[in-house]
Amino acid sequence: MSKNDFYTPYKGPAGGWGALKSTTKSWLQSDNAVRNVFTMLKTNQPNGFDCPGCAWGDKHDSAKIRFCENGAKAVNWEATSRRFDANFFKDHSVSWLNTQSNYFLEYQGRLTEPMRYNAQTDHYEAISWDQAFTQIAQTLKAQDDPNQVAFYTSGRASNEAAFIYQLFARAYGTNNFPDCSNMCHEASGYALTSSIGTGKGTVEMDDFEHADAVFVFGQNPGTNHPRMLETLREVVERGAQLLSFNTLRERGLERFQHPQHPIEMLTNGSKPLNTGYYCPKIGGDMAVVRGMVKVLIEMEKAAQKEGKAVFDHAFIEQHTQGMDEYLAEVEKTPWDAIIAQSGLTKEEIYHSAKVYAEANSVICTWAMGITQHHHSVAIIHEIVNLLALRGNIGKLGAGACPVRGHSNVQGDRTMGINEAPSKAFLEAMEAHFGFQPPQEHGLNVVQTIQAIQENKVRVFIALGGNFAAATPDTNATKDALKGCELIVQISTKLNRSHLTIGKNALILPCLGRTDIDKQAKGIQRVTVEDSFSMVHASGGVLEPLSSEQRSEPAIIAGMAQAVLGNFPLNWQELADDYGLIRKHIEAVIPGFKDFNQRIEQDGGFYLGNSARELNWKTPSGKAIIHAHALPDSVLPKKAQDLASDTTLILQTLRSHDQYNTTIYGMNDRYRGIKGERDVLFINPADIERLGYQEGDSVTLRSLWDDGIERKVSGFKLVPYSIPAGNIAAYYPETNPLVPLNSHGEFSYTPTSKSIAIELEPYQEPANTIAAVSN
Ligand SMILES: Nc1nc2c(c(=O)[nH]1)N[C@H]1C(S)=C(S)[C@@H](COP(=O)(O)OP(=O)(O)OC[C@H]3O[C@@H](n4cnc5c(=O)[nH]c(N)nc54)[C@H](O)[C@@H]3O)O[C@H]1N2
Ligand SMILES: Nc1nc2c(c(=O)[nH]1)N[C@H]1C(S)=C(S)[C@@H](COP(=O)(O)OP(=O)(O)OC[C@H]3O[C@@H](n4cnc5c(=O)[nH]c(N)nc54)[C@H](O)[C@@H]3O)O[C@H]1N2
Ligand SMILES: [Mo]
């Protein structure tokens, strides 16, 4: 086998036959076909469960099958009949399991009984639920400060679970809520709140039917939000403009077919999806947008001479503050800087500006290519400014659309999973529950890791997720976690975090979205909120694999009852009937009036968005137009100071066969990768300039000023369409490269998309099988 056999460019269209073939294959391979076909048919259906794949919305206008290839993988992965209990650990020590891959760990199937780590033997052992809750209660009660405990949340948790989780932690006495959102769309929340007065997107699903143009920034929907492709296809079919800005040429954004429209597939009629596909440099989007605004200023000046206008002056006058300062800042920014940082040509920027100016309604969507940089908040402010210039907020077919990741990450925030809660929220909690929640802000993900390192946080509780693998600076983070007094993880599947343990560790196995959730008062449903602020119910359809698995609300209620007794309420009653939890939510959180009744509507209900109604919840009552200077470099200062001619900027992203730290398979179909994850996408000119050849193995070393060596090795060079000076590789394998204190300004989000790297040749050790421990 030649050293480049793992790489052949993908020639088919995205989302069509290839997608269906791959879905079918994963069903058939699972020994589980009947269970899975049944569950797939229930995905996102009125009486089924919400797809755990992503936070894109559903159009509840027909009885269409509402799943996609990658949603199928997520469901398949959870709905497996593979299962294991503590007996599995009798044969496998934690140290041995730590030498196995992420894929191997999750492939073992669903966790089916509670377990406790035994440090003497280095094995997990069975434990009863009561023993587990007692141990948690003893440890939490023994802390001399509630802020020594951190409560992590991953965005699959339902509204009901999230609400009582935050109630438990606040009644215990802390606002320490690190959550996956800190690593994800935190910059969107921060930037939008500080400009338009709400942290959520202003767009509804139907707006896509009315938009004249849609701009997609830093997002790979073909893999991560495949149902969005259908929406985008309709946009293009209607004749509206679609411009994509992506550092890579992502096959899934360029062209695709719908796997559920067989005629189109039979004719192989894949059509060009995009009307424009531009490849800015990593972190270059602020410069792109600034360039567009520079052109719009020129157009406005020319229009004025003819008594016309390009800007929406009435909107600017009535609804914004600071536009003049911003436009002055744009005029001051030289074209040279814009071209150098954006990596686009002036013609491309002019064309984009023209498309923008000619459209009466424009939607801008974005995801991780925008939010995981040092200056992400400034980039998003720039996008908001662009929208505001022509009144593209609060108008049909227009608005800001951050496309969220985890299927209920937005809902979790609405429920109060927030280390920096608003005063209004805390007051509402106090008024309803009759105790004063802690007022001082708690810790986010980066601060939690720092606090664990400093021994200030000693107990770590996780409602889902895979903290040890998803967070930055893997080696430092793992070392820190090992110092914890107790780690508790509520999980569906085994992962790296269960093997990164403190002095004591507990695994509490929970039900997932696909499982039927039976409680004392009957079968329960939960609710979730999508990227469009639509709240709807979700109910599982499969018999759980074990009676020892408990629902998330039941586990949280069990912990709370053991720690707090009946303070501030009877927890067990909440676990018996989630309708009661929803009544508490209704009493505390705006927008949930008649919650229990309204979830009966097909499609759920809309929470509303103040900015969409031109109601700006900012200090001045107007949308704030921020005027940031274009940064000299997209790198944080500490990396910038060490950078040289040979430095490359790395973005870490997802393959087509993974869900965050969950690895379903080793292929990345649209990028042409087979059977490999340790690959490095690189511009062919950089391969040559740095003296390498295609397929060579390299070490990546990141640049930071603290003297700590951060390296990963054995990554093979794949020539790819990516701007010179930029490289890309998969996460989580590359997380050891991200320094903990390299994070976004204001957002604290790890800079997972802009890491300064030097390459070194790497010699594969002869005849050894490298241990995988990421
Ligand atoms: N199947 C599947 N679905 C998922 C997930 C998954 O892992 N698998 N994860 C879920 C989660 S939690 C999230 S947050 C979302 C993530 O959804 P995405 O944001 O689509 O995820 P990434 O793979 O990180 O892709 C980032 C994209 O931005 C581009 N990019 C990187 N840097 C830049 C830049 O500076 N400028 C521009 N213009 N482009 C850039 C990359 O080339 C890539 O196409 O997906 C959710 N859905
Ligand atoms: N370098 C780099 N790092 C990143 C990113 C990146 O792009 N680059 N992306 C970041 C982003 S956007 C995100 S959102 C985070 C993701 O961080 P996390 O949300 O912490 O990680 P996941 O991989 O989604 O978590 C997977 C685990 O969740 C558990 N699980 C699955 N379903 C359920 C459920 O229903 N209930 C419970 N209780 N547990 C469940 C399973 O045990 C599974 O192993 O990673 C971030 N880290
Ligand atoms: Mo995410």
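The values are calculated or read from the model by the stated rules, or taken from the named source; none is laboratory data. As the structure is a computational prediction, the values presented were derived from the model and not from experiment. Here the Cβ positions follow ideal geometry from the backbone for every residue, glycine too, while neighbour counts run over all protein chains shown. Keep in mind that these areas ignore ligands, DNA and RNA; they rest on the heavy atoms of the full protein, side chains included. Shrake-Rupley method; radii C 1.70, N 1.55, O 1.52, S 1.80 Å.
The table for this structure:
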item	result
Residue in segment 145-167 that is over 30 Å from Gly539 (Cα atoms) and among the aliphatic types (A, V, I, L, M) present	yes
Sole residue being touching a residue at least 12 places away in the same chain (Cβ under 8 Å), in contact with a Lys or Arg (Cβ under 9 Å, 6 or more places away or on another chain), of a type in the set (A, V, I, L, M) and over 28 Å from Asn176 (Cβ atoms), chosen from Ile393, Ile379	Ile393
Residues located in segment 438-451, provided they are open to solvent by 10 Å² or more (accessible area, probe 1.4 Å) and touching a Ser or Thr at 6+ places or on another chain (Cβ under 8 Å)	Pro438, Gly442
Unmet requirement for Glu600, which otherwise passes all of (1) modelled with pLDDT under 95; (2) in the same structural domain as Ile490 (by TED's automatic domain parsing)	(2)
Residue selected from segment 417-427 under the condition of a type outside the set (S, T, N, Q) and within 15 Å of Cys180 (Cα to Cα), by the criterion farthest from ligand 2 (Cβ to nearest atom)	Ala420
Filter pass, Leu564 being touching a helix residue (DSSP H, G or I) at 6+ places or on another chain (Cβ under 8 Å) and open to solvent by 10 Å² or more (accessible area, probe 1.4 Å)	yes
Residue selected from segment 649-690 under the condition in a helix (DSSP H, G or I) and modelled with pLDDT under 95, by the criterion nearest to ligand 2 (Cβ to nearest atom)	Arg671
Number of positions in segment 70-102 that are small (Gly, Ala, Ser), open to solvent by 40 Å² or more (accessible area, probe 1.4 Å) and part of a helix (DSSP H, G or I)	1
Filter result for the condition that a residue is on the phi < 0 side of the Ramachandran plot and free of Cβ contacts under 8 Å to residues at least 24 places away in the same chain, over Glu676, Glu733, Glu694, Glu709	Glu709
Any chance Glu430 is more than 16 Å from ligand 2 (Cβ to nearest atom), more than 23 Å from Phe746 (Cα to Cα) and of a type in the set (Asp, Glu)	yes
Matching helices (runs of 4 or more DSSP H) fully within segment 319-416 where at least 2 residues are crowded, with 24+ Cβ neighbours inside 10 Å, within 16 Å of ligand 2 (Cβ to nearest atom) and assigned by TED's automatic domain parsing to the domain that holds Thr193	368-371, 376-389
The listed residue being open to solvent by 80 Å² or more (accessible area, probe 1.4 Å) and out of contact with any His (no Cβ under 6 Å at 6 or more places or on another chain), out of Lys294, Lys305	Lys305
Criterion: of a type outside the set (Asp, Glu), modelled with pLDDT of 95 or more and under 30 Å from Asn76 (Cβ atoms) - qualifying residue of Val446, Val488, Val459	Val488
Hey, Thr153 of a type in the set (S, T, N, Q) and away from ligand 1 (no atom under 16 Å from the Cβ) or not	no
Odd one out for Asn102 among (1) within 16 Å of ligand 3 (Cβ to nearest atom); (2) at pLDDT below 95	(1)
Elements of type strands (runs of 3 or more DSSP E) in segment 419-510, at least 2 residues being on the phi > 0 side of the Ramachandran plot and assigned by TED's automatic domain parsing to the domain that holds Thr153	none
Every pair of residues 6+ apart whose Cβ atoms lie under 9 Å, when the first sits in segment 168-180 and is on the phi > 0 side of the Ramachandran plot and in a loop (DSSP other than H, G, I, E, B) while the second is away from ligand 3 (no atom under 16 Å from the Cβ) and open to solvent by less than 10 Å² (accessible area, probe 1.4 Å)	Gly173/Val149; Gly173/Pro437
Qualifying positions in segment 308-318 - open to solvent by less than 70 Å² (accessible area, probe 1.4 Å) and in a helix (DSSP H, G or I)	Ala314, Phe315, Ile316
Among the candidates Arg710, Arg671, Arg677, residue that is more than 22 Å from the chain's Cα centre (by Cα) and among the basic types (Lys, Arg)	Arg710
Residues satisfying the stated conditions in segment 535-560, i.e. surrounded by 21 or more Cβ atoms within 10 Å (Cβ to Cβ) and among the polar types (S, T, N, Q)	Ser538, Gln549, Ser551
Criterion violated by Asp668 - all others in (1) touching an Asp or Glu at 6+ places or on another chain (Cβ under 6 Å); (2) within 23 Å of Cys68 (Cβ to Cβ); (3) open to solvent by less than 10 Å² (accessible area, probe 1.4 Å) satisfied	(1)
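Every residue, every condition in (1) within 16 Å of ligand 1 (Cβ to nearest atom); (2) open to solvent by less than 10 Å² (accessible area, probe 1.4 Å); (3) touching a strand residue (DSSP E or B) at 6+ places or on another chain (Cβ under 7 Å), yes or no:
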site: Tyr107; (1), (2), (3): no, no, no
site: Arg110; (1), (2), (3): no, yes, yes
site: Met115; (1), (2), (3): no, yes, yes
site: His123; (1), (2), (3): no, no, no
site: Asp145; (1), (2), (3): no, no, no
site: Phe168; (1), (2), (3): no, yes, no
site: Met183; (1), (2), (3): yes, no, yes
site: Ile196; (1), (2), (3): no, yes, yes
site: Gly201; (1), (2), (3): yes, yes, yes
